[in-house]
Protein chains: 2
Amino acid sequence: MRCSRCREQAVINLRAHRLALCEEHFVERFLEVVERAIRRYSLMRRSSRVLVAVSGGKDSLALWDALTELGYRADGLYIDLGIRRQDYSRISREKAERFAEQRGLELRVFSVQEEYGLSMPELRRGSREVCSVCGIVKRHVMNRVALEGGYHVLATGHNLDDEASVLLSNLLRWNTELAARQAPRVEAWHEKLRPKVKPLCLLTEKETATYALVRGIDYVSELECPFSAGATSIALKEALNRIEEHSPGTKLYFYTQFLKHRRIFRSEKPAKRECRSCGFPSAGELCSFCRLLLKSRLRGEKRDN
Amino acid sequence: MRCSRCREQAVINLRAHRLALCEEHFVERFLEVVERAIRRYSLMRRSSRVLVAVSGGKDSLALWDALTELGYRADGLYIDLGIRRQDYSRISREKAERFAEQRGLELRVFSVQEEYGLSMPELRRGSREVCSVCGIVKRHVMNRVALEGGYHVLATGHNLDDEASVLLSNLLRWNTELAARQAPRVEAWHEKLRPKVKPLCLLTEKETATYALVRGIDYVSELECPFSAGATSIALKEALNRIEEHSPGTKLYFYTQFLKHRRIFRSEKPAKRECRSCGFPSAGELCSFCRLLLKSRLRGEKRDN
């Protein structure tokens with residue numbers, strides 16, 4: 001396979017675009033697409049101080065790398081969830097730290113265990129949907145660090161596969177509220193929040209993985225997360241991959257056309273209440289993170305007595 | 001596995017409903033669900049003269065059987081497309097004829113070759129999307145026979161898998177026009193048309209296959225259609241099956257909730273024009289069927305000269 005641009009040896013075949021690319025032209029195009037998403041969806045400004053949520057996986061490190069290459073001022077945030085199984089948290093933290101070190105970038109490390117006295121395995125106990133507990137914790141910490149660190153924008157490494165599978169999930173359940181809010185840029189609806197942006201939303205998982213490989217990024221595979229096995233999101237991604245294989249380009253069309261039709265889904269503006277415990281915006285008296293914390297602590301006390 | 005109702009040997013395990021059923025209770029429930037769809041979506045009246053489009057496959061024969069069992073006045077229509085490969089049309093026609101004979105039901109047979117001088121393989125030549133050509137031909141013939149035979153309603157054997165995969169296809173392509181019109185009952189928007197109804201829309205392919213088996217119906221497998229291999233609809237069904245396997249009940253929820261949200265998709269009322277050639281309603285001067293016929297004839301003449 002030869003590069004469609006220079007006839008050198010290609011490293012990737014993008015069937016959706018009928019394009020094969022060599023290392024050099026692939027990286028060039030990858031950065032172009034990131035920049036295109038940033039401009040098309042007004043994700044950030046050149047002068048924005050960006051906080052990139054970094055898991056140690058390929059997507060978030062590829063994002064941090066690409067934003068830096070494109071000249072954005074991006075710091076990293078690693079949230080240490082204290083997952084000891086398979087040494088998951090320690091290994092992924094090291095990947096993030098090494099990446100930052102090698103490139104002279106600033107990485108903030110936030111340890112959930114140190115800050116709240118509870119690790120992810122303790123927080124998730126008794127909950128069936130592990131991934132959603134993890135989401136609550138990460139969201140809370142991201143909001144807190146972004147606010148305290150004076151960042152303008154929070155960036156996450158969600159790629160096209162992530163976005164398309166979440167969209168599919170929202171449509172399969174007809175969760176029109178969530179569909180209405182799904183976007184490459186989610187505006188802050190409270191002064192304590194920062195906009196959340198997804199600059200990789202037009203790039204597939206295959207593309208971010210190839211970018212990480214070509215750029216020599218050493219990452220931990222997200223699929224290795226010892227808690228995510230059997231997650232619904234994986235079944236949805238497999239299903240979409242089956243369709244993509246048959247009709248290349250479906251994922252990209254599905255997602256970008258959705259963004260054009262998104263206004264048919266209506267969403268209520270969330271109430272501007274604040275959590276009685278942490279002060280961050282909340283739907284109820286306590287935000288979902290503080291409720292989680294409270295439940296986990298109560299369970300811990302019961303066990304100790 | 002035991003029947004959840006009587007503890008006899010079960011013939012099917014309906015994971016979406018957490019229900020295992022024996023032959024007797026499965027047939028009872030199947031008929032109940034057909035009747036429920038008929039009532040919930042106002043598909044037809046007790047007195048309606050129904051024309052069932054019968055392909056010789058499990059779904060349409062199961063439908064014809066169920067409607068007859070439930071006491072509806074249903075005749076069958078077999079459209080002979082003249083597919084000689086694998087003797088497809090002859091075999092499926094015989095299955096339909098034998099079914100009608102055994103039950104003393106009236107079957108109308110319409111031969112596309114005899115009526116129009118062209119068979120399906122000739123009509124589809126030069127077209128990439130075989131299944132869509134087949135759809136145009138069948139729709140035209142069904143409308144014509146229903147009108148000429150004085151039927152009130154046209155019934156097709158589309159099951160839940162068909163409906164869910166078409167819906168998924170419409171959403172993946174954001175074809176909101178088609179989504180707006182997808183329903184268990186499609187109203188006639190012209191005096192020459194009859195409402196089209198889908199009484200099996202709440203039952204999966206697995207259920208209709210089991211019903212056909214239990215009821216001793218001898219059918220031809222649709223997957224044997226020598227032209228449908230590699231069709232997009234098959235990839236979509238496989239994808240949905242992957243999701244259903246992970247989360248039983250997804251297909252049914254996806255489809256029935258869509259029907260509740262359907263009004264968010266807007267559709268233009270089709271223009272009330274009539275085809276210059278056949279007189280049936282049409283978007284343009286010639287309807288898609290007559291355009292197909294004309295193209296095929298022109299190709300035939302070119303070849304002959």
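The values are calculated or read from the model by the stated rules, or taken from the named source; none is laboratory data. No experiment lies behind these values; they were computed from the predicted model shown. When we count neighbours, we look across all protein chains shown, and the Cβ atoms used for this are built from the backbone with ideal geometry, even at glycine.
Of the residues making up the range B:86-109, those that are over 17 Å from the mean Cα position of the chain (by Cα) and over 14 Å from B:Val220 (Cα atoms) are B:Ala100, B:Glu101, B:Gln102, B:Arg103, B:Gly104, B:Leu105, B:Glu106.
Could you tell me how many of the residues in the range B:179-193 are within 12 Å of another protein chain (Cβ to nearest Cβ) and not in a helix (DSSP H, G or I)? Of the residues in the range B:179-193, 0 are within 12 Å of another protein chain (Cβ to nearest Cβ) and not in a helix (DSSP H, G or I). Checking A:Glu23, A:Glu35 one by one, the residue that is within 21 Å of A:Pro184 (Cα to Cα), in contact (Cβ under 8 Å) with a residue 12 or more places away in the chain and surrounded by fewer than 19 Cβ atoms within 10 Å (Cβ to Cβ) is A:Glu35 and no other. Only one of the numbered conditions (1) among the hydroxyl-bearing types (Ser, Thr, Tyr); (2) in a helix (DSSP H, G or I); (3) on the phi > 0 side of the Ramachandran plot is not met by B:Ser42, and that is (2). Can you spot a residue in the range A:76-89 that is touching a helix residue (DSSP H, G or I) at 6+ places or on another chain (Cβ under 7 Å), of a type in the set (Asp, Glu) and surrounded by 19 or more Cβ atoms within 10 Å (Cβ to Cβ)? Yes, the range A:76-89 has at least one match. Only one of the numbered conditions (1) of a type in the set (Lys, Arg); (2) assigned to a loop (DSSP other than H, G, I, E, B); (3) modelled with pLDDT of 95 or more is not met by A:Lys206, and that is (2).
Of the set (1) over 18 Å from B:Ala146 (Cβ atoms); (2) in contact with an Asp or Glu (Cβ under 8 Å, 6 or more places away or on another chain); (3) of a type in the set (Gly, Ala, Ser), all apply to B:Ala100 but (1).
Would you confirm, using the coordinates I've provided, whether B:Thr176 is away from chain A (no Cβ under 14 Å), hydroxyl-bearing (Ser, Thr, Tyr) and either in contact (Cβ under 8 Å) with a residue 60 or more places away in the chain or more than 21 Å from B:Tyr253 (Cβ to Cβ) (or both)?
For B:Thr176, the condition - away from chain A (no Cβ under 14 Å), hydroxyl-bearing (Ser, Thr, Tyr) and either in contact (Cβ under 8 Å) with a residue 60 or more places away in the chain or more than 21 Å from B:Tyr253 (Cβ to Cβ) (or both) - is not met.
Name the strands (runs of 3 or more DSSP E) wholly within the range A:70-155 that hold at least 2 residues that are out of contact with any His (no Cβ under 6 Å at 6 or more places or on another chain), of a type in the set (S, T, N, Q) and modelled with pLDDT of 90 or more?
On the way: elements: A:73-80, A:107-111, A:153-155.
Of the strands (runs of 3 or more DSSP E) lying wholly inside the range A:70-155, none has at least 2 residues that are out of contact with any His (no Cβ under 6 Å at 6 or more places or on another chain), of a type in the set (S, T, N, Q) and modelled with pLDDT of 90 or more.
Looking only at the range B:1-20, filter to residues that are within 25 Å of B:Pro184 (Cβ to Cβ) and of a type outside the set (Val, Ile, Thr); which one of those is surrounded by the most Cβ atoms within 10 Å (Cβ to Cβ)?
B:Leu14
It is to be established whether one or more residues within the range B:257-280 are surrounded by fewer than 18 Cβ atoms within 10 Å (Cβ to Cβ), at pLDDT below 85 and within 14 Å of chain A (Cβ to nearest Cβ). There is at least one residue in the range B:257-280 that is surrounded by fewer than 18 Cβ atoms within 10 Å (Cβ to Cβ), at pLDDT below 85 and within 14 Å of chain A (Cβ to nearest Cβ). Hey, any hits in the range B:111-129 for a residue that's in contact (Cβ under 8 Å) with a residue 60 or more places away in the chain and within 15 Å of the chain's Cα centre (by Cα)? No; the residues of the range B:111-129 include none that is in contact (Cβ under 8 Å) with a residue 60 or more places away in the chain and within 15 Å of the chain's Cα centre (by Cα). Of the numbered criteria (1) under 21 Å from the mean Cα position of the chain (by Cα); (2) among the hydroxyl-bearing types (Ser, Thr, Tyr); (3) farther than 25 Å from A:Asn241 by Cβ, the one A:Ser55 fails is (3). Checked against (1) more than 14 Å from chain B (Cβ to nearest Cβ); (2) outside any loop (DSSP other than H, G, I, E, B), A:Tyr219 passes all but condition (2). Annotation for the range A:50-68: no member residue is surrounded by fewer than 18 Cβ atoms within 10 Å (Cβ to Cβ) and charged (D, E, K, R).
Among the residues of the range A:282-301, are any at pLDDT 90 or above, assigned to a loop (DSSP other than H, G, I, E, B) and among the aliphatic types (A, V, I, L, M)? Within the range A:282-301, one or more residues are at pLDDT 90 or above, assigned to a loop (DSSP other than H, G, I, E, B) and among the aliphatic types (A, V, I, L, M).
Please specify each residue of the range A:238-254 satisfying the condition of being within 10 Å of chain B (Cβ to nearest Cβ) and within 19 Å of A:Pro184 (Cα to Cα). Answer for the range A:238-254, where residues must be within 10 Å of chain B (Cβ to nearest Cβ) and within 19 Å of A:Pro184 (Cα to Cα): A:Thr250, A:Lys251, A:Tyr253, A:Phe254. Determine if the range A:146-154 includes at least one residue that is touching a helix residue (DSSP H, G or I) at 6+ places or on another chain (Cβ under 6 Å) and touching a residue at least 24 places away in the same chain (Cβ under 8 Å). There is at least one residue in the range A:146-154 that is touching a helix residue (DSSP H, G or I) at 6+ places or on another chain (Cβ under 6 Å) and touching a residue at least 24 places away in the same chain (Cβ under 8 Å). Scanning the range B:46-56 for residues that are without any contact (Cβ under 8 Å) to a residue 40 or more places away in the chain and either more than 25 Å from B:Arg144 (Cα to Cα) or not hydroxyl-bearing (Ser, Thr, Tyr) (or both) returns a single hit, B:Arg46. Here B:His158 qualifies as part of a loop (DSSP other than H, G, I, E, B) and within 19 Å of B:Glu35 (Cα to Cα).
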